[in-house]
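So the structure is just underneath, and the comments pick up after that.
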Amino acid sequence: MAKPLHEIMLEQGVLTQEQVKRAELAAKQNNISFADAILKFGFATEEQVTMSLAKHFSIPYASKENGILVPEREQNLQEIIPEKFARENMIMPLFLEDDSMAVALLDPTNLFLLENIQLMSGKQIRPFIASKSQLLNAMDLFYSSKNLLDEVMNESAEGVSAEPTGSEEDVEVDSTGFLDLDKPSLSSSQYVKQVNAILRQAIAERASDIHLELFDERVSLRFRIDGSLYERTAPAKEAVNAIISRIKILSKLDIAEKRLPQDGSFTIRYQNRSIEVRVSVCPAVYGEKLVLRILDKGSNEMNIDRLGFEPEQKKAFLEAANLPHGLIFLTGPTGSGKSTTLNAVLTTIRTSELNFMTLEDPVEYKLAGISQVQVKPAIGLTFAAGLRSFLRQDPDVILVGEVRDNETAEACLKAALTGHLVLSTLHTNEALGAVPRLIDMGMEPFLLASSLALVAAQRLVRILCPYCKVPHVPDPATLARIIQEGHLNPQDQHSWTFFKAVGCPKCFGTGFMGRRAIYEVYRMTEDMRNIIYKTQDLVELKRAAVRSGALNLRANGWRKVIRGQTTIDEILSITTADE
């Protein structure tokens, strides 16, 4: 008899008895499975739940880490199990062996689906269980055509004509108003096909942004993948205006306005998930420049254990986040993942016993059990105005998307001093740089010293592709530098592993696959509070932080290097020695 799932997760130390009770109650009240309730509360990661389900069902677990969720490309599996069927049923063919076929799927108890797969393939089915996110990533790598964009652009280039720039009838949306990329386009327009091809290819390559711009003699189409821009096959020069008009129609922008910048958005339905696309159109010398930001909420990691914190950093951050009042500031440049980190922290500390409220611009992630407010400066709803109204809503924990001005900084300080925990972000180059920045904004040093609980900074570093990375031996001088800057014990060198990037079809030749954050996290000590109160000397503040034993950005980065997660060059390019 199969052991109950909750018992397995208790034995593994994944859940506590209290979490089991809460999840069972939620599952009963909301008519969902126990596993779904665990994920909803954030008690465990998707992978932990899937591995426990594998033990519960006595079915092998497949993941890219254990090397099983890597389909055999030489066995023509895509002809046996077509992409459409695989995506609709969330299955992934893995390999053929004699008269059987291994298949990874979400629900190995779905006998009807297993029978359908057996009839389709003519093989006995050997089931494996995998998580949804890993299945989707495996499908993207296995089924995505690298030449899709090339094929569409080349086909379009054969006969580009002055077609109309688009109309409302060209916009194919489903009943919810989403652009459905899973369905074939009914339009004969090459421009519609090009837009769809660009979006599909960008999503397949995990791009965060798409840049389309027109120059004097050429067109540039670039995808930002893991923080770097890569050139892709561009449309013909004559097609650019029509493509931009198509995007404007999808975003409900004015297609006739070409002199002023415009911002909009639309939503895609693709591969069983919804993807928001933020649109920015800006007039330039040779024509409008188009930038699309792809917000794939299904791919964002909201589990604090997998963000990149070192154990002592995670402990310090959560201790500060569980204080009844105080200020927490996370610093870093735009696009460094600050919002993801703060939302993961909120998800971790969230409880029905406290009132959580956020004020954001824009609201990127919708969090269960948390009141979220979108800033609208055009009607007077600024960060400062919203924060003042929040204080009348009896909040316990407040997230302010960003402190941009003196008024917002003062409102955050007042909220912290009146018994609220306030989390926010700042644009500074280092964590401790937040202190002089906040004082410049008008915060009194003695009030800041007493209310500031924690300052942190983060950057994103690219993670090596697991399929093509190769071992690397650093030279003695570099190794000595890593030991010194990382505060590492040279006697532990036998356990260190260094790799370098190569590039393969699975990572689209970049050598990297995904990004992780590196952090510096400083809890305020009495020594640091005294410096803020008396001298505000940044150099002294850094020395006090070093004495507290906290890791800076580069030291955190070197720990990821010696574990074989990223490269030496990546850390040197992202951080500086004194950070």
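Working ranking of peptides 559-571, 442-454, 9-21, 367-379 by packing, defined as the average number of other Cβ atoms within 10 Å per residue, highest first, is 559-571, 442-454, 9-21, 367-379. Using 0.36 nm per residue and subtracting the Cα-Cα separation, the extra length available between Glu217 and Ile59 on full extension is 51.1 nm. Figure note: Cys282, Cys504 ranked by solvent-accessible area, largest first, 1.4 Å probe, ligands and nucleic acids not counted: Cys282, Cys504. Label separation (Leu323 vs Asn530): 1.9 nm, computed from points 7 Å beyond Cα along the C-beta direction.
On the basis of the beta-carbon distance and an R0 of 51 Å, Val502 and Arg543 show a calculated FRET efficiency of 0.80. Each stretch of four or more DSSP H residues adds -39500 (n - 2.57); spread over every residue of the chain, this sum gives -10500 deg cm²/dmol at 222 nm. Stretched out straight at 0.36 nm per residue, the stretch from Gln393 to Lys237 would grow longer than its current Cα-Cα span by 50.8 nm. Calculated FRET efficiency, Asn66 to Ser274, Cβ-Cβ distance, R0 = 25 Å: about 0.25 to the nearest 0.05. Just the protein heavy atoms count here, and of the accessible area of region 250-348 at 1.4 Å, carbon and sulfur take up 54 percent. Distance between the 7 Å Cα→Cβ label points at Ile439 and Glu24: 5.6 nm.
All alpha carbon pair distances within the chain were sorted into 20 Å bins beginning at 0; the resulting P(r) in whole percents reads 18, 48, 32, 2. Sorting 129-138, 233-242, 484-493 by their mean Cβ neighbour count within 10 Å, with the most densely packed peptide first, gives 129-138, 233-242, 484-493. Label separation (Ile379 vs Ser495): 5.6 nm, computed from points 7 Å beyond Cα along the C-beta direction.
For the pair Ala368 and Asp180 in one chain, pulling the backbone fully straight at 0.36 nm per residue adds 65.1 nm over the alpha carbon distance. Our summary gives the chain a relative contact order of 9 percent, counting only alpha carbon pairs under 8 angstrom and 6 or more residues apart. Beta-bridge orientation, the chain: approximately 60 percent antiparallel, per DSSP, counting only bridges with both partners inside. Rolling a 1.4 Å probe over the protein heavy atoms gives the chain an accessible area of 47 Å² per residue.
A cysteine counts as unpartnered when no other cysteine's C-beta lies under 4.7 Å of its own; in the chain this applies to Cys282, Cys412. Looking at Phe383, Ile247, Ala501, which one has the Cα that reaches farthest to the positive end of the dipole of the chain (charges on Cβ: Lys, Arg +1; Asp, Glu -1)? Farthest towards the positive end: Phe383.
The values are calculated or read from the model by the stated rules, or taken from the named source; none is laboratory data. In this text, all values refer to a predicted model and were calculated from it rather than measured experimentally. Note that each Cβ is placed from the backbone with ideal geometry, even for glycine, and that neighbours are counted across all protein chains shown. The protein model used for the area step is the full one, side chains on, heavy atoms only, and it has no ligands, DNA or RNA in it. Shrake-Rupley method; radii C 1.70, N 1.55, O 1.52, S 1.80 Å.
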